[in-house]
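Some notes on the structure that comes next.
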Amino acid sequence: MPSQHGLSIDQKNQYQEQGFLVLECAIPIPVIERLKSAALTIVDEFDIDTQRTIFATTDRDSGRDDYFFNSAEKIHCFLEEEALDNTGNLLKPTRLAINKIGHAMHDLNPVFTDFCRQPLFLQVLRDLGTSQPHLWQTMYIFKQPHIGGEVRWHQDASYLISDPPTVTGIWVAIEDATRDNGCLWVQPGGHRSALREIYQVDWARREGVLTTLDKTPWPDQDEAIAVEVPAGSVVIFHDHMPHYSSQNMSEYSRHAFTLHVAGHSANWSKKNWLQRPALGDFEL
Ligand code: FE2
């Protein structure tokens, strides 16, 4: 955990060398519980009949869907693929059917606004070299018991393009994350590897395309480590860090809340799927 004076030299060095950093139990559990409760309230108010868009990260063609693009400036719920039958009927209670909520929770819900503005994140980001971080997106990820889907190997810089690449991910464990319920896996040092893919939107056609940039293979399982952390822990990671999470085969959910920030002076690609013309900048 960082002290009130920020990250230690060892922690900064570890981030530089490994591309990620774990701050175990950095957030008090009552704060975590407040986030969880706010997320469940959003789900309870979700009108499932009018919005049956499925967000499956194994199929990024969902970028065709306006519901996804529009979520950049809204709070949208996305369903788990396996939560619907062939005719679109829900097979689970709504609270157990949602894959995630995104992507402007920090702008539009005061519980999440307050959480994101806590001094810890700004301090950590400054210590790691981002002096004026802009918060581009927030997500609440459910990883539901039994049906929480795999998120395949990827690098966040493929989906959040800035020049120079300055995106940092902040991943907050709302519940304990273990191998059984689909914790993060990362490749230590992999942040120095090439960017394999880039996802860009042709706005004239409102169509997103994932293009291969580099054929470097994704890490083997023996090159990856499981980031098993208790609730309240924070994982910071570099935008070139290869990471994935497996399907949740357990009976326990694995909730997480994520923030993605970029340096204020970095150029945000107009081909990014995530654009915020109405909301504008959100400075931490
Ligand atoms: Fe990611």
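Of the residues GLN275, ASN86, ALA231, the one whose Cα sits farthest towards the positive end of the charge dipole of the chain is GLN275 (charges of +1 on Lys and Arg Cβ, -1 on Asp and Glu Cβ, taken about the Cα centre).
Remark: segment 9-268 carries 43 Å² of accessible area per residue (probe radius 1.4 Å; ligands, DNA and RNA excluded). Computed 3J(HN,Hα) for segment 240-248, one whole-Hz value per residue from the Karplus formula 6.51 cos²θ - 1.76 cosθ + 1.60 where θ = phi - 60°, is 9, 6, x, 8, 8, 9, 7, 4, 7, glycine and proline marked x. For the listed residue pairs LYS36/LYS92; LYS74/LYS270; LYS12/LYS36; LYS74/LYS143; LYS215/LYS270, the alpha carbons are over 27 angstrom apart in LYS12/LYS36. Considering only ASN89, ASN70, ASN109, the mean-square fluctuation computed in a Gaussian network model of the chain, springs between alpha carbons under 10 angstrom, is largest for ASN89.
In the chain, the calculated helix contribution to ellipticity at 222 nm averages -5000 deg cm²/dmol per residue, counting -39,500 (n - 2.57) for every DSSP H run with n ≥ 4. Between GLU17 and ARG205, the modelled labels are 4.7 nm apart [label points 7 Å from Cα along Cα→Cβ]. Amide H contacts of GLN137 (H built 1.01 Å from N, in plane; Pro and chain starts excluded): HIS260 sit under 5 Å, all sequence-distant by 5 or more or on other chains. Would you mind working out the magnitude of the charge dipole of segment 9-268 relative to its Cα centre, with +1 at each Lys and Arg C-beta and -1 at each Asp and Glu C-beta, to the nearest 20 Debye? Around 400 debye, computed over segment 9-268.
Net charge in the neighbourhood of PRO145 (other residues with Cβ under 12 Å of its Cβ; Lys, Arg +1, Asp, Glu -1) is -1. Residues in segment 187-198 carry Karplus couplings, in order, of 10, x, x, x, 5, 8, 7, 5, 6, 7, 9, 9 Hz; the curve used is 6.51 cos²θ - 1.76 cosθ + 1.60 with θ = phi - 60°, and Gly or Pro positions show x. Every Cα-Cα pair of segment 9-268 was included, and the share exceeding 22 Å stands at 55 percent. Shown in residue order for segment 15-23 are the 3J(HN,Hα) couplings computed by the Karplus curve 6.51 cos²θ - 1.76 cosθ + 1.60 at θ = phi - 60°: 5, 4, 7, 9, x, 8, 8, 9, 10 Hz (x for Gly and Pro). Apolar share of the accessible surface for the chain: 48 percent from carbon plus sulfur atoms, 1.4 Å probe. Note on exposure: GLU207, GLU24 ranked by accessible area (1.4 Å probe, complete protein assembly) read GLU24, GLU207, with the most exposed listed first.
The values are calculated or read from the model by the stated rules, or taken from the named source; none is laboratory data. Not measured: the values here are computed from a predicted model. Note: ideal-geometry Cβ built from the backbone for every residue, glycine included; neighbour counts use all protein chains shown. The accessibility values were calculated without ligands, DNA or RNA, using every heavy atom of the protein model including side chains. Shrake-Rupley method; radii C 1.70, N 1.55, O 1.52, S 1.80 Å.
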